Each structure stands twice: as C-alpha cells, then as structure tokens.
Amino acid sequence: MSMPTSKSIKRYFTKIDAISSRCRFCLKIVKNHSNTTNLLSHMKRKHPMIPLNQKSIMNVESKSEQEEPCKKRQCFEKPTSPIIQSEPGCSGSRTIERSCDNISNLSEATTLSILDSSSFSHIKGKQKKVTEVFEEVSSYTEGGRNASKITNAILYMLAVDNMPLKTVENKGFKKFLQTTLPLYKLPCRKTFTNMMDERYEVISSQIKEDFKNVLNFTITTDIWTDSFNTRSFMGITVHFFNMGELKSVNIGVIMLEKSHTGEYICEKLNDLCVQWNIDKEKVTAIVTDNGSNVVKGAYLCFGKKKHLPCFAHTLNLVVTNALKLTTHLSDIINKVKEIVAFFKHSTKATEELKSQQIQNGAPNNKTLKLIQQCETRWNSTYLMLQRFLLLATYISSVLFNYKNPTMVNHDEIEILEEVVLILKPFQLLTTEISGEKYVTASKIIPLAHCLKLSLNRLDGSTEFGKELITNLGNEVQKRFYSEESFIERNEILAVATVIDPRFKKIHFESARSLSNTLNIISKMFPTKTREVDSEGFFKSVSDNSNDIWNIHENLVVSKESRISDVNSGNGLPTELKQYLDQSIIARNDDPIQYFKQLKIAFPELYKIATKYLSVVGTSLPCERLFSRAGEILADKRSRLTGPHLSNLIFLSSIEDKYWFE
C-alpha cells in the first residue's frame, strides 16, 4: 500500500493558521507546525476508516458510483430528521455495516453525510462522493454555506419575534442547537449585534433604492415615551403601492433629544425623507393624531393640504366626549370600573369568578376575565362594559360574599346594555378603518355618512340612551360636518372616495363638495376639461336600517340609477365619465384589483387610483410600531440603544424576500 502524500492528508483539514488546522470530520483543532505528522496521527487514531492516499480515494469514489445499493441501504434514502435514523443498537459506521454487505469500501465521510437531510436529495441509488461529503461537512463551519443560512435564520427570529439578543447565550437554546445541528457552532451575542447592524445597512440600502421607483407615499407618525428609561421617540411608517399590492415599512424610531416643538418635529421629518430617498413631492398624505405639535410639524414639512387627521382618534374623541356629557352615566361607568379593579387586585375573587363559569359548563381554558378601561386604548370603555355584562350574573354571585364594592342594580344593568348597543357601531367602524393591507382612506367619508344616518334613526328606550344618542350625534356633526371640519372638503378623502368604485358619489351630502372634487380629478388628466355642473344633485335618502353597511347597500340601490343623469353634459373627461357611468361594485370587492383589470381602459384613472387609494385612514400603523417597541424594550432589553431599537423595528417589518433572497 502506498504511503499517503502530504496533499492527500491536508484535504481532510481546514487550515486555521501557520501551526494549526481543523479536522473536517470532528472539527477538532490539531497542531501541525507546518508538517503533516500530527495530522496523519490524528486521522489514524480518530478516523481509521478514512482512505488516506489519493489512489484509495479514487477507488472508493469509482466503486461507489458503479455499485448498486443493497435493499437494506434504502433506509437511508428517506430520512425523517437531520439526525441519523438507525435501527436500535446501531450508530455511526456500525449502522452502515449492519445495513450493507460491502462495508469495506464505505468511508466515514459517507456516514457523516447522513447527518444532514439535504444530503439525501442527491442520493438516487448511489453513495455520495467523498469530496461532496467534505463540502457538506465544511459548510457547517464558520463562513460555510449552511452555517451562514442558520445564522441568518437565527437573526431573523430575534428580530421578527422580538427576542432579546441574549437568547443566543441561553442554556436551553444552546442545547437545542447542539442536539439538532451538532456540526453548527453558534456565534456569540456580540457577533449577532454586529450582524444586525450589517444586515440593517444592506437591507435598508435595498429599500432606499426601491423607494426611488415608488411614485407616491403615505407617511404616519407619532411620538412615544419609553417608560423604562423615560426616553421619547418619534415613529415613522411609510405606505405605498407596488406591484399591485399595498406595502408598508417601519423605517424606524428616532430618539428625540430636544423639546418636542413643531419646528423640531419638522426638522426630523425632513432628515428622514432625505435619508430614505423619499421625495417630499411624492408624499400624498401624512397621517397623525390631533396633537398640536405633531400637526404643526406635519404642516411645516409637507403643507397643510397633505395633512390627514387620524379618523380612529377622532372617532374615539366622539365617544369619549359624548359619554362625559351624558348626565350621571359616568357615575354608573365608574361603579363598573371599581368592580373590575377589585377583581384585578383580588386573587380569591378572580378564582371564584372562574369557578362560577366552570360550574356553568365553561371549559377551564375558555373562562373569561374582566377588562379594565384604559384612557389610551380606543373603545376600551365599550370593551369593558361588554365583558362586564357578559359576566354580570357570575360577578353578582361572587360579590354577594364581599362588603365592597357594590354591584350595579337591575336598572343600571339595563342602561349599560343600551349603552353597549349604541356604541357597537363605533367599535365596528374603528376595526374597519384600522387595516394596513387594504384600502382605508376612501372609506372615511362613507363610514362617517352612514354613522350619521344611523344615529339619526336610533331611538333610545331609556333617558340615558336618548341623551347619549343626542350627544353622539352632536359630536359627529361637530367633528365631521361642521363649517370648520367638514370632511367632504378634505381633498385627499374626497378624491379617494370618488375614485373608489365601491362608493363613487353616493355618500356626498354637499353638491358643491362633489362638484369641486370632480373638478380636482378632471385637472389631473393631461387634457383640459370643463368644470363639473352640480345642478340637480341628489339629496340624502332616508332608510329604516340601523346597520352601518346596510345603510350603504340601500343607498347604492336608491342612488345608482341617478348617476348617469348627474354626469350628463357636465364636461368631465371621457375616461372619468365612463368610470362614473359604470355600476358600483360590491363593498367586499378589491378596488385595486378593479383598476388593475381595467388599466388599459382607464390608464389615467389608474394612476390617480394608485396615488389616493394607497393612503391609510389612521395613524394606527404607528401605534402598532410603538406597541412593538414596547415589547422590544422589555425588562431584558431595557438598555437597548436608540439606533439598535430603530434597526430591530425596521428589520421586523420588512418582507421575507429581503432576508432570504
């Protein structure tokens, strides 16, 4: 037998430095001092089945290619796990020995290839080449193909699942990886921190390049305070239309180091636009809550016409103010709050409440808890009262054994039931308007109109109910239909409503507002058109239904027949007139898909639609961003720096294609 050459031995090792190399089989570091004596000794001692000369290697590979696998070897062709699947009592090379007749020509490298399930995708009746096995094993070492994929997936998990970077140092996580991926060496926490910064730089650069091709943006912004360190952050999300879909990205949170003046907020918004290649001329709208400093910053940066107040915030103010103005209703609600607070602080009472539900047939894992009102949560009063009424019978039984608090009486229960019934449409509206993946801005005028009609038709059964309905109606009128805040005069919302094939013109109360909106749309066309003639515009039609969207459906039936009469002779662009002459589509249809299908027929309208239908109706995306930031800055991550927080929020919001392409 010929002696192994230096080259044939070194192929089994990865050189680390001048005096040491790493074995590709067991990953042990061997000191070799520029010669192969120690390497040869290691191979003979630890891996005696490996052929050490070039001729033997060639013979093994050649015979492996020609040899048909025995029937017993087929057990290795369909593994169910990355770990070796063998018969009881078998392991490593012994498994192969018991499974195959011709074991003498099999190498330990072939056995090691079984460790990775991907190895079997290439096995079709023959063993892998030794060189292929070497490549597979070395791919798990630092910088290897599989190692890089696994490390990237771990970083993805840390970002998307809001897990602290310390996770990679946890004993359980290390044990899990050692069991499932024994060849993979887990990098340290510092490495993942550096990788996160590098990943942010790479992906953010891709996003910035993509932004250059986006035609229109919507921005939402808000300010949040970190309760752990009393730091203030301004969050920014951007929304746009791309490849026929609505997209959104959390471009991060900026730590505010100065007083939150409108001028300072404007400065930060300008910096972000420059940093992310967002042309301010391409910004269709910026959506904020009603905070005066944030509104001023939006005005200064983008102009008053581009500012859009958050519809959900305004709707919440309508309910909050109406409840406060309703005589003595606050007293009843406060009694409920005291009862809820009692159960939240009493373990015994909570257990009794749970026991009562179980005794009445509720499964142990399906029992309900009371919900406490929170001033910063929308519709929290409605949710608290709804849950309280659902559990009222059980609560009464539990409170019978306690002096305080006092249970609400029967008359107060009836009042609360009516209050919940009246407030339910506001809860449904808030849910309807709070989405990011579907069109929302075009729904605001229709929803406000349907809500107004619905309140006008309600007739309370108690004095409290009647007063609450009146107060809600007054608040809706004040915030959506007053001279100062007439919703139909908002150009962004009006154009979005008309250009939405589900609504078009049927929810406009003002003929002048509709006429102005059609004139604005007409001017967006490349050719000059005459102004819209608003004479003979229809008036609102009454309906007996109290359901918000049922009111819309009835309006469609009653008004659609008049659409062509309103359009005739008014000088609209042909394309716009043809669009308005078509029937209104079903409310559950997708307006974006509608324009995609008719892009050839309505090319100019398609451009307008992609600009205005991509506008979001609320600043809720920013609220969600801050909820995520609150989860990230938990006890175990309270020292996370502002830039790292911003990086994590960005990485958690991007599409998977940027992670795994």
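General remarks:
- Descending by average beta-carbon neighbour count within 10 Å, the peptides 319-330, 16-27 line up as 319-330, 16-27, the highest first.
- Label-reachable residues, the range 380-405, where backbone N falls under 20 Å from a point 7 Å from Ser355's Cα toward its Cβ: 391-405
- Accessible surface of the range 340-461, 1.4 Å probe: 51 percent of it comes from carbon and sulfur atoms.
- The range 296-327-the range 235-275 distance, computed between alpha-carbon centres (Å): 20 Å
- Note on the range 240-306: dipole from Cβ charges, positive end direction compared against Gln275, Met255, Ile265; the farthest Cα belongs to Ile265.
- For the peptides 242-255, 335-348, residues were scored by their other Cβ atoms within 10 Å and the scores averaged per peptide; the highest-first order is 242-255, 335-348.
- Shown in residue order for the range 161-178 are the 3J(HN,Hα) couplings computed by the Karplus curve 6.51 cos²θ - 1.76 cosθ + 1.60 at θ = phi - 60°: 9, 6, 9, x, 4, 5, 3, 5, 9, 5, 4, x, 5, 4, 5, 4, 5, 4 Hz (x for Gly and Pro).
- Segment Met157-Arg457, extension gain: residue separation times 0.36 nm, minus the distance between their alpha carbons: 102.9 nm
- Taking 0.36 nm per residue of sequence separation and removing the Cα-Cα distance, the Glu483/Asp590 pair yields an extension gain of 35.2 nm.
- Residue-count net charge about Ser248 - beta-carbon cut-off 11 Å; Lys, Arg +1, Asp, Glu -1: 0
- FRET efficiency for the pair Tyr438 and Asp331, taken as 1/(1 + (r/R0)^6) with r the Cβ-Cβ distance and R0 = 51 Å, rounds to 0.80.
- Taking the average, over residues, of other Cβ atoms within 10 Å as the packing measure, peptides 169-176, 130-137 rank 130-137, 169-176 from highest down.
- Alpha carbon centroid spacing (whole Å) that separates the range 167-228 from the range 432-453: 35 Å
- A convex hull fitted to the Cα coordinates of the range 356-443 yields 142 cubic angstrom per residue.
- Under 10 Å, Cβ to Cβ, from Tyr156 - net charge with Lys/Arg +1 and Asp/Glu -1: -1
- Environment charge of Met407, counting only residues whose C-beta is closer than 11 Å and scoring Lys/Arg +1, Asp/Glu -1: -1
- Contour minus Cα-Cα distance for Leu215 and Phe173 (0.36 nm per residue): 10.7 nm
- Relative pair counts by distance (%), Cα atoms of the range 166-285, 5 Å bins: 2, 9, 15, 15, 14, 13, 10, 10, 7, 4, 1, 0
The values are calculated or read from the model by the stated rules, or taken from the named source; none is laboratory data. What you see is a predicted model; the values in this text were computed from it and never measured. Cβ atoms come from the backbone with ideal geometry, glycine included; neighbour counts cover every protein chain shown. These accessible areas exclude ligands, DNA and RNA; they are computed on the full protein's heavy atoms, side chains included. Shrake-Rupley method; radii C 1.70, N 1.55, O 1.52, S 1.80 Å.
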